[in-house]
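See below for the structure under consideration.
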Amino acid sequence: MSAPSILAKNLRTVGQGLCLVARGCARSWDRVAKSPYRRLVLGITFGILPASVAIATYSAYPSDDEQMARSLQTEIVAPLPIPSIADQITVVTTHSAVTTHTTMIRVNDTLGAIFSRLNIEDAALQRFIRGQTLAQPLSTPREGVYVQAKVTADKKAQTLKIFLESRSANQKNSVVTISRRGERFVINSAPFVYETQQAMSAGLVEESLIESAKAVGVPGEIAEKMPLAFERAINNGLDISKGDDFRVIYERQFLEGDFVRNGKILAVSVTHHGKTYESFWADDGTRNGGFYSLDGTSNRTTFIRVPVEGARVTSSFMPMRRHPVTGVLRPHQGTDFGAPRGNKIFAAADGVISRRSFDKRGFGNYLMIKHDDSRTTLYGHMSRIADGMKVGVPVKRGQVIGYVGATGLATGPHLHYELRVNNRQVNPLKTSIPDKEHLTNEEKHKLLASARPLTARLAMLNRIQSVKPLTPREAVAKEESTPEQPRS
């Protein structure tokens, strides 16, 4: 069959099909025309459908403002990083329970002892730390540094952080982080700022303030510092004892949601025999700040670092020196202040005279003052001791106790001054002791502003404490005294 014949046959087939469709539509239209319901449905269909299409088309087409905004957009194509195999291995192998341990490096600590407190047994990590300069505060332990580790059930460290807190105003905190990546370790250092929260506790003194605070959940290092907030009052006779109640607000410091350490005490309040004592931390320009009353007076026993009139340092505190008289090498565990003969010598802090003596081959005329259970001061080579200075006599900070001289083994008039802490001499010019008696006006205004919310919280705790539960005997007595209500 030729091509024109095939084409003609196909056209006839198509024509026949169209005729059949036309006849079917005609029959269907007759049925629709005879039924009002079908005419309504058909009208709605052909009326709404075009309108919907028109609305959708208009909505999909962007406005002029949108077209302009799209023209200003820049398409950025960047490959997504693929996680390293080591990281994936770490995730798979450390899915077991991870515990967090924190410790502070102590005096004469070792890396092994630190690992033991962190519950780590990881020889590979120890070798890595010893070879890293950034980890030197841990490999040669630095006292006072906090270390935190996330440890798996097999006592392997997943991460270990060394918190290097600033020791001066021009430094920043930095954290050294060691992370396990499969069979290797990665170390880096970055600055950090603690996330600080406030915690509050209250309780009743049973045996001692410290032990009672620990009993209600106050951390040990916070509880042991609480008496310092009332040091002056305690040294002057305040006896916090059984039946007194206390309240304390202190800081808790976190990094990335993990607790690292307790911060400073912000406020302490004690009610003793119905009288309430309050003490607040204030920034007084020293490194650690101090505890003050709201009138700006220090609540600590403060020390005068140079307790003599018109003096200069003539011989410093040193582990070894040649004595100017004997020529013998021996420790000089005090500070010599040269001053004209007869200049006034003052009590460095409140206390009680514990010794008055004369030592011809030593300090000459000298006094010792006991300030509390741990601190005493010694004043030597005085020309004479002030009237009334006898053992057992209380003295106040700044009170005249004697006069500069050169008695005993001395080459010229000066004061030999010693500060002893737990019966051990320390350098009075460098050791950390409270030495500020009053805040400046600016510091006092800052204290009042920071203390305002703290006093409100202390008052709230006090109100809660005032609602004391009845004892079993009181509860029974109250029940018996309550008249029985008549039944309806």
| request: Estimate the FRET efficiency between ASN170 and LYS360 by the formula 1/(1 + (r/R0)^6), using the beta-carbon distance for r and 45 Å for R0, to the nearest 0.05. | output: 0.35
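What FRET efficiency comes out for the pair THR455/GLN132, r = Cβ-Cβ distance, R0 = 45 Å, nearest 0.05?
0.40
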| message | How charged is the neighbourhood of ALA282? Take every other residue with its Cβ under 14 Å from the Cβ of ALA282, and add Lys/Arg as +1 and Asp/Glu as -1. | response | 0
| field | Long-range amide H partners of GLY263 with built H, under 5 Å | value | GLU251, ARG252, GLN253
| query | How much accessible area does MET460 have with a 1.4 Å probe, in Å² rounded to the nearest 10? | reply | 70 Å²
| request: Measure off 7 Å from each Cα along the Cα-to-Cβ vector at ALA113 and LYS155, then give the distance between these two points in nanometres to one decimal. | output: 1.9 nm
| Using the Cβ atoms and a cut-off under 14 Å, what net charge is assigned to the surroundings of PHE192, where Lys and Arg are +1 and Asp and Glu are -1? | -1
| query | Which part of the range 408-427 falls in the paramagnetic zone of GLU143, meaning amide N under 13 Å from the point 7 Å along Cα-to-beta-carbon? | reply | 426-427
| Sites ASP239 and THR286 - FRET efficiency at Förster radius 22 Å, r taken between beta-carbons, to 0.05 | 0.15
| request: Determine the gain in length on full extension of the stretch SER374-VAL352; use 0.36 nm per residue of separation and subtract their C-alpha separation, reporting nm with one decimal. | output: 6.6 nm
| field | Eligible lysines near LYS275 by straight Cα distance, threshold 29 Å, same-chain separation 8 or greater | value | LYS214, LYS225, LYS242, LYS264, LYS370, LYS396, LYS436, LYS444, LYS446, LYS468
| note | Once phi for every residue in the range 344-350 is put through the Karplus expression 6.51 cos²θ - 1.76 cosθ + 1.60 (θ = phi - 60°), the whole-Hz ³J(HN,Hα) values, with Gly and Pro written as x, are 6, 10, 10, 5, 5, 7, 4
| note | Two pseudo-spin positions, 7 Å from Cα along C-beta at GLU437 and at MET104, lie apart in nanometres by 3.1 nm
| request: Compute, for ARG247, the solvent-accessible surface of its heavy atoms (probe 1.4 Å) with the complete set of protein chains present, and express it in square angstrom to the nearest 10. | output: 0 Å²
| said: Ordering ILE464, ILE222 by accessible area with a probe of 1.4 Å, largest first, what comes out? | reply: ILE464, ILE222
| note | For SER357, the accessible surface traced by a 1.4 Å probe with all protein chains present amounts, in square angstrom to the nearest 10, to 40 Å²
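The values are calculated or read from the model by the stated rules, or taken from the named source; none is laboratory data. The structure displayed is predicted, hence computed values, not measured ones. Ideal geometry is used to build each Cβ from the backbone, glycine not excepted, and the neighbour counts take in all protein chains shown. Protein only, heavy atoms only, side chains kept; ligands, DNA and RNA dropped before computing areas. Shrake-Rupley method; radii C 1.70, N 1.55, O 1.52, S 1.80 Å.
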